[in-house]
Amino acid sequence: MSIVEKFISMEYGPAPEDPREALVWLDRHGRRLGHFINGDWQAPAEGQYFETADPSSGEALAAVAQGSAADVDAAVRAARSALPVWQALTAHARSRYLYALARQVQKQSRRLAVLETIDNGKPIRESRDIDIPLVARHFYYHAGWAQLLNQNFPGYTACGVVGQIIPWNFPLLMLAWKIAPALASGNTVVLKPAEFTPLTALAFADICREVGLPPGVVNIVTGDGSTGEALVKHPQIDKIAFTGSTEVGRAIRKATANSHKRLSLELGGKSPFIIFEDADLDSAVEGLVDGIWFNQGQVCCAGSRLLMQESIAEMLLAKVRDRMNMLRIGPPLDKAIDIGAIVARIQLERIQGLVDRGVADGATCWQPPGLTMPSRGFYFPPTLLSGVHPTSVVAQQEIFGPVLVAMTFRTPREAVELANNNVYGLASSVWSESINVALHVASQLKAGVVWINSTNLFDAACGFGGYRESGYGREGGKEGLLEYLEPVWFKNAPHAQTKDLVIRQSSKGHGDLGAPPIDRTVKLYIGGKQVRPDSGYSIEVYGADGKVLGEAPLGNRKDIRNAVEAARKAESWSKATAHARAQILYYIAENLSQRANEISLRLSAVVDREKAEAEVQCAIERVFSYAAWADKYEGVVHSPPFRNVTLAMHEPIGTIGVVCPSELPLLGFVSLVMPAIATGNTVVVIPSERYPLIAGDLYQIFETSDLPGGTVNLVTGRSSELMKVLAEHSDLDAIWCFSDDASSATAKLLSIGNLKQVFTNEGRAIDWFSADQGEGLWFLRHAVQVKNIWVPYGE
Ligand code: NAI
């Protein structure tokens, strides 16, 4: 073709990146790679290897070790022995290592980008300009946190040995998101990359050697799901951090339930991409291309659900189709390619299966008719499914491929309803030229990230992670670092000594007390009303002297269901201003203080008088403390390296089930319930099983303190049974269980249905009287989830 002809056609010629350097690295390892354990390469104990291939051609790249339980054990031992060595270094020394890792990643960026592209199939343009620069940025940013750790996190210490499991869609970037914060906060690591894409993690192992990282601080064990399973189950692991499918996330929650391993999960998504009629449509279409066709749509936060205002739907879809006609699909090493290869055949088949399902459900499927598809390798054309019903499988399930699903809405309210009509809550994108509309919608979306007039922006300073079944925990930012830290007192706390309680059911129906009169009968408190229990039965409550003090209702499943429904409806509380919430908490403290004498007198039937008085005084102070926090536990504004600000908002988790400790019926209650409601959550609480009569005092105080009905709901009864109902309830967002070891494990196990967040004392004893242990940031942190709203500025 002559130059003139080229100018006329404006066709791209091939512009392949040279893969030689990456291939030389593979050859240097003899195209056979072992595990990286204790600073050295080790052959797999069972001698098994598997092949990793280039998805753009299907050709094998290298043989990689298949990790067995023995390999995982060796790696965990190495990490355990390296822990004191790593922690003995100064913060500055650890910071220097992270800095050296960042520098080295930058120096080797081209080789790493090529290696990523040939192993994963993503366009070199993306691995070169997005993945690898973000990897370096992550290590730089966390070099900073390592340096500033002690000043910023006094009283906190590293979790210990961390097991990390990552997926194949952003192999090196996910490694950086996991390893950088773990090392910066003083942990050591065993990381398992995904079986489809292990190569850049192994190249990173070489980098660890080059910078002289102490042996055992980072260990990489390759293998499939069974290797991941062995890591999750290893008893010497203190924390598991996982990114991948929701299904495996659930399996990991289950496998770790009976242990004290901390857990963070970054799971799937079905993120809405909302375009209002006043949006800059051409920019929105460009955003959409990035939102769904970036990395072939194999992105957990892909803007895969297009929600268009009805008035512009037709025009917008025409623009989308025009743009799709211009997309180029082909060899990922070609620098002028938009869409590369799908990671593996099985993934290709999954995508096709779901598209077929969508069409069977009535969707219209459109793919660019003139698209030239490569003749070999795993490719899927960019696809638009329109006319999709919101309940269709393709509108609800993650497709994890280059498939956009389009629906319409009429009003902003309908847009929010449709957007939130999904079990996931990872990310979202909102397009409108009206900042009022965009921010109003952003505040209502159930998603950990909201991009306004933008999409797929990431930065180490801005936390990333989901709401609901998209998982829990954040990566990036200060909150990401806290996932790898624990309060020192908690780590060292002894196990709680709990005596078995003997609870006797009253032989009489509730309210039918007969003679002689018994001191007190309390009721349940649901939706702001005192109600009788569904069962019609009560339990007897005994004093320290063994005498009956009164009766409390025997709550059951139905009462819990009613309480959760009432808590859900009490939306006015989460929408109230922080100032208004503070005022009501102060009012509660005031009313508690007025009743201090009578309550301590009653409490002295179960503990001695002095202790009862101390408990009431401490409880008043605690309520005061959270009244103070209510308008001070705020988010921050990040300044990532783009022309935008990112508002990291603290949002309530939603409705929380709270199981109070048996001891200290009043102080235990306020120590858990006040941080939850101060931050805007509504709660269903099971008060102390030992002294449930406290419920009567509490609801009288709430009633006189203007606390909106439904904000706090009280269900008394057998704590361990009611806890199970809470843990299984699919409309509850979190469960806080402060009881014994067995209850902690059960709460975790039963929480997997809707992956609710679980916060427990892990059966450890907490000194509720101490302000260091019984109140403050540790509780507040568990009461909120951070939503990052990205707001661009400039023309
Ligand atoms: P996956 O969740 O099975 O794999 C992710 C990682 O977990 C891999 O390293 C894998 O070896 C490991 N793993 C698998 N089973 C395990 C177990 N029982 N215990 C511990 N580790 C285990 O994801 P997969 O099969 O590769 O992809 C399936 C679907 O998952 C995709 O189609 C997509 O919908 C979703 N996915 C979502 C990702 C996200 O970032 N949200 C990432 C990857 C996949």
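The values are calculated or read from the model by the stated rules, or taken from the named source; none is laboratory data. In this text, all values refer to a predicted model and were calculated from it rather than measured experimentally. Cβ coordinates were reconstructed from backbone atoms using ideal geometry, including for glycine residues, and neighbour counts include every protein chain displayed. Quick note on the areas: whole protein, heavy atoms, side chains included, nothing else; ligands and nucleic acids left out. Shrake-Rupley method; radii C 1.70, N 1.55, O 1.52, S 1.80 Å.
³J(HN,Hα) across the range 720-735 via Karplus (A = 6.51, B = -1.76, C = 1.60, θ = phi - 60°), whole Hz, x for Gly/Pro?
5, 6, 5, 4, 4, 5, 4, 4, 8, 5, 7, 10, 10, 8, 7, 10
So how much slack lies between residue 85 and residue 318, counting 0.36 nm per residue of separation and subtracting their Cα-Cα distance, in nm?
That pair, residue 85 and residue 318, stretches by 77.8 nm at full extension.
Estimate the FRET efficiency between residue 777 and residue 621 by the formula 1/(1 + (r/R0)^6), using the beta-carbon distance for r and 25 Å for R0, to the nearest 0.05.
Efficiency computed from Cβ-Cβ geometry: 0.90.
Please report the spacing between the Cα centers of the range 722-791 and the range 657-676 in Å, no decimals.
12 Å
Please give the per residue accessible area of the range 637-795, computed with a probe of 1.4 Å over protein heavy atoms only, in Å².
Dividing the accessible area of the range 637-795 by its residue count gives 27 Å².
Cα axis of helix 345-360 to longest principal axis of the chain: angle in degrees, 0 to 90, nearest 10?
Once rounded, one gets 70 degrees.
Residue 6: which aspartates and glutamates have alpha carbons under 19 Å from its alpha carbon, excluding same-chain residues fewer than 8 sequence positions away?
334
log₁₀ I(q)/I(0) of the range 40-187 at q = 0.08, 0.18 Å⁻¹, via Debye over equal Cα point scatterers, no solvent, to two decimals?
Cα-only, vacuum Debye calculation for the range 40-187: -0.27, -1.18.
Round to the nearest 10 and report in Å² the accessible area of residue 557, as given by a 1.4 Å probe over the protein chains' heavy atoms.
Taking all protein chains as shown, residue 557 has close to 120 Å².
Go through 117, 371, 358 and say which Cα lies farthest out towards the positive end of the charge dipole of the chain; charges sit on Cβ, +1 for Lys and Arg, -1 for Asp and Glu.
117
Describe numerically, in nm with one decimal, the distance between label points set 7 Å from Cα along Cα→Cβ at residue 540 and at residue 12.
According to this spin-label approximation, the distance is 8.1 nm.
Taking Cα pairs under 8 Å and at least six residues apart, what relative contact order does the range 532-650 come out at, in percent?
20 percent
At R0 = 60 Å, how high is the FRET efficiency between residue 611 and residue 247 if r is their beta carbon distance? Nearest 0.05 is fine.
0.75
Can you work out ³J(HN,Hα) from phi for every residue in the range 595-608, in order, using Karplus 6.51 cos²θ - 1.76 cosθ + 1.60 and θ = phi - 60°, giving whole Hz and x for Gly and Pro?
9, 3, 5, 5, 5, 5, 4, 5, 4, 5, 6, 10, 10, 6
Using only the alpha-carbon atoms, how far is helix 609-630 inclined from the longest principal axis of the chain? Give it as 0 to 90 degrees, nearest 10.
Value to nearest ten degrees: 40.
For a Förster distance of 41 Å, can you work out the FRET efficiency between the beta-carbons of residue 211 and residue 765, rounded to the nearest 0.05?
FRET efficiency, residue 211 to residue 765: 0.45.
Set the bar at 21 Å for Cα to Cα. Now go through 523/558; 239/446; 122/239; 491/787 and name every pair that lies beyond it.
Pairs exceeding the cut-off: 239/446; 122/239; 491/787.
Quick one: dipole size for the chain, taken about the Cα centre, charges +1 on Lys/Arg Cβ and -1 on Asp/Glu Cβ, in debye to the nearest 20.
With only Lys, Arg, Asp and Glu charged at Cβ, the dipole is about 800 debye.
Report the Stokes-Einstein translational diffusion coefficient (µm² s⁻¹, integer) for the chain, Rh taken as the Kirkwood radius over Cα pairs, at 25 °C with viscosity 0.890 mPa s.
It diffuses with D of about 88 µm²/s by this estimate.
Can you put 10, 308 in order of accessible area, largest first, using a 1.4 Å probe?
10, 308
Quick one: accessible surface of residue 572, probe radius 1.4 Å, all protein chains present, in square angstrom to the nearest 10.
The value for residue 572 is about 70 Å².
Keeping the other protein chains in place, figure out the carbon and sulfur percent of the accessible area of the chain, with a 1.4 Å probe.
Details: 15300 of 30040 Å².
Looking at the chain in its full context, I get 51 percent from C and S.
If I fit a long axis through the Cα atoms of helix 557-569 and take the longest principal axis of the Cα atoms of the chain, what angle between them do I get, 0 to 90°, rounded to 10?
The answer is roughly 70 degrees.
How far apart, in nm, are the 7 Å Cα→Cβ label points at residue 580 and residue 48?
With each label placed 7 Å out from Cα toward Cβ, I get 5.9 nm.
Give me the percent of DSSP beta bridges within the range 636-788 that run antiparallel, rounded to the nearest 5. Display every interim value, and only then the final one.
On the way: 8 of 24 bridges.
DSSP beta bridges in the range 636-788 are roughly 35 percent antiparallel.
If you filter the range 51-136 for GluC sites (Glu not before Pro), then keep DSSP loop positions with at most 14 other Cβ within 10 Å, what is left?
59
Within the range 688-715, whose backbone N sits under 16 Å from a point 7 Å along Cα→Cβ of residue 520?
688-704, 714-715
In terms of modelled amide H atoms, which long-range or inter-chain residues lie less than 5 Å from the amide H of residue 68?
Under 5 Å from the amide H of residue 68 lie the amide H atoms of 45, 46, each far enough along the sequence or on another chain.
Name the long-range amide H neighbours of residue 328: under 5 Å, sequence gap of 5 or more, or other chain; modelled H, no Pro or chain starts.
338, 339
Given labels modelled 7 Å from the Cα in the Cβ direction, how far is it in nm from residue 731 to residue 106?
Taking the simple label geometry, residue 731 and residue 106 are separated by 5.3 nm.
What whole-number value in Å² describes the accessible area per residue of the range 153-197 for a 1.4 Å probe? Display every interim value, and only then the final one.
Numbers: 570 Å² over 45 residues.
Ligands and nucleic acids excluded, the figure is 13 Å² per residue.
Please give the calculated 222 nm ellipticity per residue for the chain, where each DSSP H segment of at least 4 residues contributes -39500 (n - 2.57) and the sum is spread over every residue; nearest 500 deg cm²/dmol?
-12500 deg cm²/dmol
How much length would be gained if the chain were fully extended between residue 356 and residue 20, taking 0.36 nm per residue of separation minus their Cα-Cα distance, in nm to one decimal?
Full extension of this stretch gives 117.0 nm more.
Can you pick out the pairs among 569/724; 270/335; 529/575; 632/748 whose Cα atoms lie more than 24 Å from each other?
Values: 569/724 22 Å; 270/335 29 Å; 529/575 21 Å; 632/748 30 Å.
Cα-Cα > 24 Å for 270/335; 632/748; rest within.
If you filter the range 337-423 for chymotrypsin sites (Phe, Trp or Tyr not before Pro), then keep DSSP loop positions with at most 16 other Cβ within 10 Å, what is left?
Within the range 337-423, no chymotrypsin sites (Phe, Trp or Tyr not before Pro) qualify (loop, at most 16 other Cβ atoms within 10 Å).
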